[in-house]
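The values are calculated or read from the model by the stated rules, or taken from the named source; none is laboratory data. Source: prediction; values computed, not measured. Neighbour counts run over all protein chains shown; Cβ positions are idealised from the backbone, glycine included.
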Amino acid sequence: MSWDIAGALRGIEAAGLRRELRALAPGPGARVIFQGREVLNFSSNDYLGLAASPMLRAALAEAVECEGAGSAASRLVCGTRGAHEELEQALAGFKGAEAALSFTSGYAAALGALPALAGRGDTVILDKLSHACLVDAARLSGADLRVFPHNHLGKLERLLASARGRVLVVTESVFSMDGDRAALPGIIELKERHGAWLLLDEAHAVGVLGPEGRGLAAELGLEKRVELQMGTLSKALGLCGGYIAASRAVADLLVNRARSLIYTTAPPPALARAAVRALEWARGAHGDEARARLWRNIRSLARGLGIGEESAASAILPVILGDEAAAMKASAQLLEQGFLVPAIRYPTVARGSARLRITLSALHEENEVEALCDAVRFLVPPSERAAGSAASRR
């Protein structure tokens, strides 16, 4: 059988799901340069505005001078440097854990951790809206995979009661496409009642929620009751990489079993050293000031879109349109007006729940947020938006 690549692409195009890479260049503040003009970026996960900050640029440049450009080998060969150990100690302290282990990305952290801890005869139970990396990792593990409707504690309890082997519950703390939060207290109570463990992905919560930006578990005082805290350096911390924070025994086991750590080149040590600086900044007074600006923007956008400030749970606010073509059209019209807001479609979200995914940063000015609100209200009046959030409809 021949490979009909052109036919596959035509099918994607006909379904309105064709995707293309587009090159951007950094601009001033929250702006980027796209096709030769400045546009306001409301698509980035750079929640604290660190990615292009003078502080982090200088920290990375200094680290490259000290550490060189690459690590040259995997962690278990000769790729582990003092910078990696320093970062892992900082991450463990940040997350209130005994130990932490850093990976090349959040995706790699998931693909390393889940199959290392669960396998045939075990059960992994996921929230239906969990990120693709968590779903892929659960499938790769070979464990029985069970899914509960988003934040549905009743279904989760029934699945826990019937699960076999070692049981791992997996969820995000802030969901990447809807921006809502996990029902964390209830999830923790249930997993403890049934003797399960919890892997909590804090990718979109770190830097944004909790004291010192430590995430949702810290905000709720539940860090010590989460066995596996997963996160990323590539969103609010402005760099690249992922991590698992857990007990020392779990970290040691991952060093011996996590294939995405064992069989790949270690992250650049300069990146690790710069990440320590980003953590220090995020935990300090500068981080608190940036979070205050970010939450001012979140509340302003929620008011402007008629969502209600009390409903704004994170820096991610979706405008649900339902139809893929409608979402693409609205995104294109916003771009014409100078706003970069992505259209999110199947398979990233369920069919019939295409949306504009608006993300906010501490870099946005109040007048920029207000201008976006005006544009969205004009292009997508409330009557054309699906009732409720996508999460509440599944």
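Only one entry of Val376, Val369 meets the criterion of being β-branched (Val, Ile, Thr), touching a Ser or Thr at 6+ places or on another chain (Cβ under 7 Å) and farther than 12 Å from Met177 by Cα, and that entry is Val369. Which of the residues that make up the range 216-251 are of a type in the set (S, T, N, Q) and over 11 Å from the mean Cα position of the chain (by Cα)? Those that are of a type in the set (S, T, N, Q) and over 11 Å from the mean Cα position of the chain (by Cα): Gln229, Ser247.
Being closer than 28 Å to Leu91 by Cβ and either touching a strand residue (DSSP E or B) at 6+ places or on another chain (Cβ under 7 Å) or not assigned by TED's automatic domain parsing to the domain that holds Ser43 (or both) is the filter here; which residues of the range 289-323 pass it? Answer for the range 289-323, where residues must be closer than 28 Å to Leu91 by Cβ and either touching a strand residue (DSSP E or B) at 6+ places or on another chain (Cβ under 7 Å) or not assigned by TED's automatic domain parsing to the domain that holds Ser43 (or both): Ala313, Ser314, Ala315, Ile316. For the range 18-36, a tally of residues being of a type outside the set (Val, Ile, Thr) and touching a Gly at 6+ places or on another chain (Cβ under 8 Å) returns 1. Yes or no: Arg10 surrounded by 14 or more Cβ atoms within 10 Å (Cβ to Cβ), assigned to a helix (DSSP H, G or I) and either more than 26 Å from the chain's Cα centre (by Cα) or without any contact (Cβ under 8 Å) to a residue 12 or more places away in the chain (or both)? So Arg10 does not fit the description; no. The listed residues are Ser260, Ser331, and the only one of them that is surrounded by 20 or more Cβ atoms within 10 Å (Cβ to Cβ), under 22 Å from the mean Cα position of the chain (by Cα) and under 19 Å from Asp374 (Cβ atoms) turns out to be Ser331.
The set of residues in the range 165-215 being among the acidic types (Asp, Glu) and under 16 Å from the mean Cα position of the chain (by Cα) consists of Glu172, Asp178, Asp180, Asp201, Glu202. Does the range 267-315 hold any residues that are buried (at least 22 other Cβ atoms within 10 Å of the Cβ) and of a type in the set (Val, Ile, Thr), and which are they? Residue satisfying the conditions is Ile298 alone. Exactly one residue among Ala109, Ala92 is modelled with pLDDT of 95 or more, under 19 Å from Asp252 (Cα atoms), touching a Gly at 6+ places or on another chain (Cβ under 6 Å) and part of a helix (DSSP H, G or I), and that residue is Ala109. Of the listed requirements (1) under 26 Å from Leu50 (Cβ atoms); (2) in contact with a Leu (Cβ under 8 Å, 6 or more places away or on another chain), Ser176 misses just one: (2).
The rows are residues; the columns are (1) within 21 Å of Asn367 (Cα to Cα); (2) at pLDDT 95 or above; (3) buried (at least 17 other Cβ atoms within 10 Å of the Cβ).
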site	(1), (2), (3)
Leu24	no, no, no
Gly29	yes, no, no
Gly36	no, no, no
Asn45	yes, yes, yes
Gly49	yes, yes, yes
Met55	no, yes, no
Ala59	no, yes, yes
Glu62	no, yes, no
Glu65	no, yes, no
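Taken across the range 380-392, residues that are surrounded by 23 or more Cβ atoms within 10 Å (Cβ to Cβ) and touching a helix residue (DSSP H, G or I) at 6+ places or on another chain (Cβ under 7 Å) do not occur at all. Here the condition is being over 24 Å from the mean Cα position of the chain (by Cα) and either outside the structural domain of Trp295 (by TED's automatic domain parsing) or under 25 Å from Lys224 (Cβ atoms) (or both); of Ser162, Ser141, it holds for Ser162 alone. Do we find a residue being assigned by TED's automatic domain parsing to the domain that holds Gly241, part of a helix (DSSP H, G or I) and aromatic (Phe, Trp, Tyr) anywhere in the range 95-103? Checked against the condition, which is being assigned by TED's automatic domain parsing to the domain that holds Gly241, part of a helix (DSSP H, G or I) and aromatic (Phe, Trp, Tyr), the range 95-103 yields no hits at all.
Restricting the range 266-310 to residues that are at pLDDT 95 or above and assigned to a loop (DSSP other than H, G, I, E, B) leaves a set whose member that is nearest to the chain's Cα centre (by Cα) is Pro267. A single member of Ala218, Ala183 is in contact with a helix residue (DSSP H, G or I) (Cβ under 9 Å, 6 or more places away or on another chain), aliphatic (A, V, I, L, M) and under 25 Å from Arg273 (Cα atoms), and it is Ala218. Looking at (1) closer than 19 Å to Ser173 by Cβ; (2) buried (at least 19 other Cβ atoms within 10 Å of the Cβ), find the lone condition where Ala83 falls short. That leaves (1) as the condition not met. Restricting to the range 100-134, give me the number of residues that are under 24 Å from Pro267 (Cβ atoms) and not hydroxyl-bearing (Ser, Thr, Tyr). Result for the range 100-134: 18.
Filtering the range 188-221 to residues that are in a helix (DSSP H, G or I) and either on the phi > 0 side of the Ramachandran plot or among the acidic types (Asp, Glu) (or both) leaves Glu189, Glu192, Glu212, Gly213, Glu219.
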